[in-house]
1. From the residues 118, 61, 106, which one has its Cα farthest along the dipole of segment 48-129 in the positive direction, the dipole being from +1 and -1 charges on Cβ of Lys/Arg and Asp/Glu about the Cα centre?
2. Output the peptides 39-51, 68-80, 7-19 sorted from most to least packed, where packing is the average of other Cβ atoms within 10 Å over each peptide's residues.
3. Between segment 95-110 and segment 28-78, what is the separation of their alpha carbon centroids in Å?
4. Put 21, 37, 4 in order of accessible area, largest first, 1.4 Å probe: what do you get?
Amino acid sequence: MTKMSMVVERGLARCPRCVSMADYVFIEFSAEVYSGMLRYEVRCRKCGECYGEESRPTVHAAVVVAEPPIVWPPDCEPVPPRDRRAELRQRAAELRHRTAEVAARARTEGTRARDETTKWVTKSVQKARTIRPADWFRRDEAQTGGVQTGG
């Protein structure tokens, strides 16, 4: 085989020297001489400028970056369902029992026991307010379709 170069494209471009219209060509060299080399030439008829650029394909080393393995979070056990009605009933029963005890003591001891009762009832009410009002009583099953999701 002969060592030849081939014109791939030709057309009109601006001259880099006088900025008038000039002819340009892209010349691709044969694989035996220069593997994949491409030459760009601009020849101006007005000023006689012959401008050329050569480009060679770059040989890149394969870039391999080891990715760290994906670390998945551990599976969590499902949270057991809470019976909020039973919790509320239990707290109310504790409150009734404690109130009855303090009321009995108040009858025998007087003012100091009433102050202690007031403090304890206030503390219990504040504690009860930390429960979300929506969780005090279950929503009607007709609204939820009998399916309860979430916590």
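1. 106
2. With the highest mean Cβ count within 10 Å placed first, the list reads 39-51, 7-19, 68-80.
3. Going from one Cα centre to the other spans 89 Å.
4. Details: 21 100, 37 5, 4 125 Å².
Highest to lowest solvent-accessible surface, that is 4, 21, 37.
The values are calculated or read from the model by the stated rules, or taken from the named source; none is laboratory data. These numbers were taken from a predicted model, which means no experiment stands behind them. We place every Cβ from the backbone using ideal geometry, glycine too, and count neighbours over all the protein chains shown. Just the protein is used for accessible areas: all its heavy atoms, side chains included, with ligands, DNA and RNA removed. Shrake-Rupley method; radii C 1.70, N 1.55, O 1.52, S 1.80 Å.
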